[in-house]
Amino acid sequence: MSTPQPPMPQQAAAAPNWQAAPGASYTSPIPVTRTHIGHALTSEWTKIKSVRSTMWTLGIFLLLVIGIGFLVAAQTTNEDFSDVPYTIPAFFGLMLGQICLITLGVLVVSSEYGTGMIRTTFTASPQRHRVLAAKLIIFFAVAFVVSAFSIALVGMMTSGMHGGSSGVGWGGSVIMGALYVSLLGALALAVGSMLRHSAGAITTMLGVVLVPAIMPAFLMMSDSMRTIGEKMQEYNAPNALARIFQLDTESGHGGAQLGLLAGVTAAAIVGAFVLLERRDV
């Protein structure tokens, strides 16, 4: 008689894969669109118009340029504008107002590092270069429009006070003056991106603006350093603006100084992009 065989153990059924999609034709209910630079620009525009630092810095900038320009224009006569443009009173306000744009340029990027919100920004937009490019575009557009408006308004006020006394066109000084201070602000933004610290970046930019204006007086005391002092005096921010506003037409109209600032700003922006991709948040 044959011995009965014990029943074979049944294999356990495989657990269902709860992570798998229900089918090949599954469609997410959340609309997915490919991001582009327009989204980053919209985001940065929302940021820059929402924070109080923008209103304060731009408000003080307008107050300095327009207010000081009006006071200077009120103290001048028709003969003072016989061979100079009507925008010269705006020059005196820009000497102080440029510090406001430098401060705003730094805060546009460094404030996010200070609060830690930069992590949220890079999570929403992993393309870091796109974020920095959007910050630069939005800031430069805002700075240029505000500065050009303030310079042009001073020119119109001065023209109204001393109508017909100047035969010098002043449209070029509006564009070049606004471009110069806006490039300074963009340079400050790039420095802020590299240093990631508001106080350090603002201090660095103040040194960039103030040191070349002070040092030539000491460098030209020495014969060996005189050439460096003269070049530094020629290309510092106050003298560059003076040439743009035609206070010193014998040394040009500020084109070389504007070109140097554009080159330095471009180099700083390239450095900011490189460091942004290489460093952790």
Review point. How much accessible surface does Ile175 have with a 1.4 Å probe, in Å² rounded to 10?
Key: 90
Review point. What is the helix-to-structure angle for 255-278, meaning the angle in degrees between its Cα long axis and the longest Cα principal axis of the chain, kept from 0 to 90 and rounded to the nearest 10?
Key: 20
**Study point:** Choice from Met225, Met215, Met176 with maximal GNM fluctuation in the chain (Cα, 10 Å cutoff)
**Key:** Met225
Point to revise | Exposed-site-free run, longest, the chain (rule: trypsin sites (Lys or Arg not before Pro); DSSP loop; at most 15 other C-beta within 10 Å) | key: 35-278
Point to revise | Tail beyond 19 Å, pair distance distribution of region 129-191 (Cα, percent) | key: 41
Check your understanding: Once Rh is set to the Kirkwood radius over Cα pairs, what Stokes-Einstein translational diffusion coefficient, in µm²/s, holds for the chain at a temperature of 37 °C and a viscosity of 0.692 mPa s?
Key -> 149
Check your understanding: In nm, to one decimal, how far is the Ser53 label point from the Met117 one, both placed 7 Å along Cα→Cβ?
Key -> 0.9
Practice item. Could you please report the charge total around Leu132, scoring K, R as +1 and D, E as -1 over all other residues with beta-carbon less than 14 angstrom from its beta-carbon? Key: +4
Exercise for review: Would you mind checking the tilt of helix 171-195 against the longest principal axis of the Cα atoms of the chain, expressed as 0 to 90 degrees and rounded to 10?
Suggested key: 40
Practice item. Note down the accessible area of Ser224, probe 1.4 Å, to the nearest 10 Å². Key: 100
Exercise for review: Tell me what the chain gives for mean residue ellipticity at 222 nm when only DSSP H runs of n ≥ 4 count, each as -39,500 (n - 2.57), the sum divided by the residue total, rounded to 500 deg cm²/dmol.
Suggested key: -23500 deg cm²/dmol
Check your understanding: Angle, helix 128-161 long axis vs. longest principal axis of the chain, Cα atoms, 0 to 90°, nearest 10?
Key -> 20
Check your understanding: Where a Cα-Cα gap under 17 Å defines reach, which aspartates and glutamates qualify for Lys49, not counting those fewer than 8 residues away within the same chain?
Key -> Glu112
Practice item. Could you check the simple spin-label distance between His197 and Ile214, using points 7 Å along Cα→Cβ, in nm with one decimal? Key: 2.0
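The values are calculated or read from the model by the stated rules, or taken from the named source; none is laboratory data. Since this is a predicted model, take the numbers as computed values, not measurements. Cβ atoms come from the backbone with ideal geometry, glycine included; neighbour counts cover every protein chain shown. These accessible areas exclude ligands, DNA and RNA; they are computed on the full protein's heavy atoms, side chains included. Shrake-Rupley method; radii C 1.70, N 1.55, O 1.52, S 1.80 Å.
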